[in-house]
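S.K.: Sending over a structure as structure tokens; questions will come in a sec.
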Amino acid sequence: MIFLKTLLTFLVFVALFLFWWSNEQRIDLDLGFIILNARVATYIIAAFLLGFVPLWLYYRTLRWRLKRRIASLEAQTAIPPTKPLDSKPEEVANTDNSPLSSV
């Protein structure tokens, strides 16, 4: 599974690089205080990452918190270990051979 995740990540980066490399047209982006001159693909990839990364970080922190909460709840409900039973039952001293009464 780790191999597949690594392969998929590599293929995504290769596809992004090919997309960036094939789009050579440069444009100016005026932000008011600076003018950026870069490829169109650079702006597209930056916009995608600007939307993707914060939500991905939120998802990862939410998943981490839920895993911690589940582990905490599982630890609370765990049955404590019991003592092993003795191999011989306790002998009851009955010297007068009368039946034992339960009180």
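S.K.: Examine region 49-64 for a residue that is assigned to a strand (DSSP E or B) and closer than 24 Å to PHE13 by Cα, and state whether such a residue exists.
M.R.: Kept after step one, since they are assigned to a strand (DSSP E or B), are these residues of region 49-64: none.
Checked region 49-64: no residue is assigned to a strand (DSSP E or B) and closer than 24 Å to PHE13 by Cα.
S.K.: Does THR42 satisfy being open to solvent by 70 Å² or more (accessible area, probe 1.4 Å), polar (S, T, N, Q) and without any contact (Cβ under 8 Å) to a residue 40 or more places away in the chain?
M.R.: In short, no.
S.K.: Taking region 15-39, which residues are free of Cβ contacts under 8 Å to residues at least 12 places away in the same chain and not in a helix (DSSP H, G or I)?
M.R.: Across region 15-39, the qualifying residues are ASP28, ASP30, LEU31, GLY32, PHE33, ILE34, ILE35, LEU36, ASN37.
S.K.: May I pose another question? Step by step: first the residues of region 14-35, then only those that are hydrophobic (A, V, I, L, M, F, W, C) and exposed (fewer than 10 other Cβ atoms within 10 Å of the Cβ), then the one that is modelled with the lowest pLDDT. Which residue is that? Don't jump to the end; show me each part of the working.
M.R.: To start, the set of residues in region 14-35 that are hydrophobic (A, V, I, L, M, F, W, C) comprises 14-21, 27, 29, 31, 33-35.
Pick out the ones that are also exposed (fewer than 10 other Cβ atoms within 10 Å of the Cβ) and you get 31, 33-35.
Working: LEU31: 87, PHE33: 92, ILE34: 91, ILE35: 93.
Looking at the filtered set, the residue picked out is LEU31.
The values are calculated or read from the model by the stated rules, or taken from the named source; none is laboratory data. Remember, it's a predicted structure, so these values are computed and weren't measured experimentally. Here Cβ is always computed from backbone atoms with ideal geometry, including for glycine, and neighbour counts include all displayed protein chains. Note: areas computed on protein heavy atoms with side chains; ligands, DNA, RNA excluded. Shrake-Rupley method; radii C 1.70, N 1.55, O 1.52, S 1.80 Å.
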